[in-house]
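The values are calculated or read from the model by the stated rules, or taken from the named source; none is laboratory data. Quick caveat: nothing in here was measured; it's all calculated off a predicted structure. Positions of Cβ are generated from backbone atoms using ideal geometry, with glycine treated the same way; all protein chains shown enter the neighbour counts.
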Amino acid sequence: MAAPLKVEFHFDFGSPNAYLAELVLPDIEQRTGVKFDYIPVLLGGVYKATGNMSPADSLRGIRNKPDYNALETERFLRRHNITAFKPNPFFPVNTLALMRGAVAAQFEGVFEPYFRAAYHHMWVEPKKMDDPQVFREAFLSSGLDIDRLIARAQHDDVKQKLIANTSDAVARGSFGSPTFYVGNEIFFGKDKLREVEDEIVAQLAMERRKTA
């Protein structure tokens, strides 16, 4: 029997586009019956390994393109009826603690509430989440035992897992966030979600034909 189709969402909390894309994933899961694996990566590490940089840096001083990117974001928000989003005034935020916390939360079985809280405090009620005191108070306000996760995030297995996730993503072709994999097919950016869904449907159909 063939293994189920593996679909992945590689994310860093510092990417607003990853936040916006993730809000659409439940609809894709419902329509296709798949479940995305959420893979925390360190976007700064991806950029360093690939020579890439944040759009905030790469678009600085360029005429018209930043305005167009903002327009595309507004279209995306309208298309998917997204109202819970505010630009983070402290952007860019160093996300090392946030991403180690995500891995620690996966290890400790509390990933879902941690993930939702982290995105809430980055892009719904934005805060300076690379300030340790702000970080701690934000997660406490969301009802998490954040001190336990902060301590867990300092363990070598958490640090090495985040490094491994990031290195593996780069080795497979990643250069930013959000990145999606459908099997071995890579897609980048929130504007590729339709193609992601089409590829899921196509690969599921192929699997059905093979087993028919």
Do we find a residue being over 24 Å from ASP168 (Cβ atoms) and under 16 Å from the mean Cα position of the chain (by Cα) anywhere in the stretch 34-51? no
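Here are some residues: THR32, THR73. Which one is in contact with a helix residue (DSSP H, G or I) (Cβ under 9 Å, 6 or more places away or on another chain), among the β-branched types (Val, Ile, Thr) and at pLDDT below 95? Explain how you work it out, then say what you get.
Values: THR32 fails: at pLDDT below 95.
The conditions single out THR73.
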Of the residues in the stretch 172-190, those that are closer than 24 Å to ASN69 by Cα, touching a helix residue (DSSP H, G or I) at 6+ places or on another chain (Cβ under 7 Å) and in contact (Cβ under 8 Å) with a residue 60 or more places away in the chain come to SER174, PHE175, GLY176, SER177, PRO178, THR179, PHE180, GLY189, LYS190
Quick count over the stretch 90-124, residues being surrounded by fewer than 17 Cβ atoms within 10 Å (Cβ to Cβ) and modelled with pLDDT under 95, is 3
By my count, helices (runs of 4 or more DSSP H) wholly in the stretch 8-82 with at least 1 residues that are crowded, with 16+ Cβ neighbours inside 10 Å and charged (D, E, K, R) are 16-22
Taking the stretch 154-174 and keeping residues in contact with a strand residue (DSSP E or B) (Cβ under 9 Å, 6 or more places away or on another chain) and either more than 20 Å from ASN52 (Cβ to Cβ) or at pLDDT below 95 (or both) leaves LYS161
When the stretch 172-197 is checked residue by residue, the ones that are assigned to a helix (DSSP H, G or I) and surrounded by 13 or more Cβ atoms within 10 Å (Cβ to Cβ) are LYS190, ASP191, LYS192, LEU193, GLU195, VAL196, GLU197
When every residue in the stretch 96-127 that is part of a loop (DSSP other than H, G, I, E, B) and either of a type in the set (Phe, Trp, Tyr) or without any contact (Cβ under 8 Å) to a residue 40 or more places away in the chain (or both) is compared, the one nearest to LYS86 (Cα to Cα) is GLU125
